[in-house]
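Chemist: First, the structure itself, so that you have it in front of you.
The values are calculated or read from the model by the stated rules, or taken from the named source; none is laboratory data. All of these numbers come straight from a predicted model, not from anything done at the bench. Please note: Cβ atoms are built from the backbone with ideal geometry, for glycine as well, and neighbour counts cover all protein chains shown.
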Amino acid sequence: MTTLRFETCSRKSALGFLRKFYPSATVEDTEESAKAVLDFVEKDVFRIPDPSFHSGAIYPSKNWSGNEAAATAALTAFHAKHSVSDHQPTTASSVNKAEAQS
C-alpha cells in the first residue's frame, strides 16, 4: 500500500504548517520562535506535513542520520514553548496547594 504525504522542506511552507499546528501560538521565523526548527527543515533533516491532511506528525527526511540530537532538541524546545495546555500537570505539591486554598 502506498502512503502519500503532503509535506515540505520549504522554509516558508513549513512556517505556514507550523502556524496551523499551533493556532493559539505566535509562530515566527525568529530565534525566539521557529528559526532553529526551520533551519533543520531547510537542510531536509525533517519535513513538516500539512496538518490539514496529517495529524501533527513531523517526519525524518533524507538527511536524517538517526543521530540528530540538535534537531530533536530544537523540535522539543519549540513544542514546549508553543504548546497551549488548558491544565497544568498534577503534582503532589499542586494538589496540596489546592487543598490548602479550599
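Chemist: Please indicate, with yes or no, whether at least one residue in segment 83-95 is closer than 20 Å to R19 by Cβ, at pLDDT 85 or above, of a type in the set (V, I, T) and surrounded by fewer than 16 Cβ atoms within 10 Å (Cβ to Cβ).
Modeler: No, segment 83-95 contains no residue that is closer than 20 Å to R19 by Cβ, at pLDDT 85 or above, of a type in the set (V, I, T) and surrounded by fewer than 16 Cβ atoms within 10 Å (Cβ to Cβ).
Chemist: Next question, about the same structure. Could you tell me how many of the residues in segment 58-69 are free of Cβ contacts under 8 Å to residues at least 40 places away in the same chain and surrounded by 12 or more Cβ atoms within 10 Å (Cβ to Cβ)?
Modeler: Residues in segment 58-69 being free of Cβ contacts under 8 Å to residues at least 40 places away in the same chain and surrounded by 12 or more Cβ atoms within 10 Å (Cβ to Cβ): 5 in total.
Chemist: I would also like to ask the following. What number of residues within segment 63-82 are at pLDDT 85 or above and either among the β-branched types (V, I, T) or closer than 18 Å to K43 by Cβ (or both)?
Modeler: Final tally of qualifying residues: 13.
Chemist: Note down all Cβ pairs under 8 Å where the first residue falls in segment 16-30 and is closer than 15 Å to A77 by Cβ, the second is modelled with pLDDT of 90 or more and polar (S, T, N, Q), and they're at least six residues apart or on different chains.
Modeler: Filtered contacts from segment 16-30: V27/S33.
Chemist: Please go through segment 33-71 and pick out each residue that is over 18 Å from S13 (Cα atoms), part of a loop (DSSP other than H, G, I, E, B) and of a type outside the set (D, E, K, R).
Modeler: Answer for segment 33-71, where residues must be over 18 Å from S13 (Cα atoms), part of a loop (DSSP other than H, G, I, E, B) and of a type outside the set (D, E, K, R): N63, W64, S65, G66, N67.
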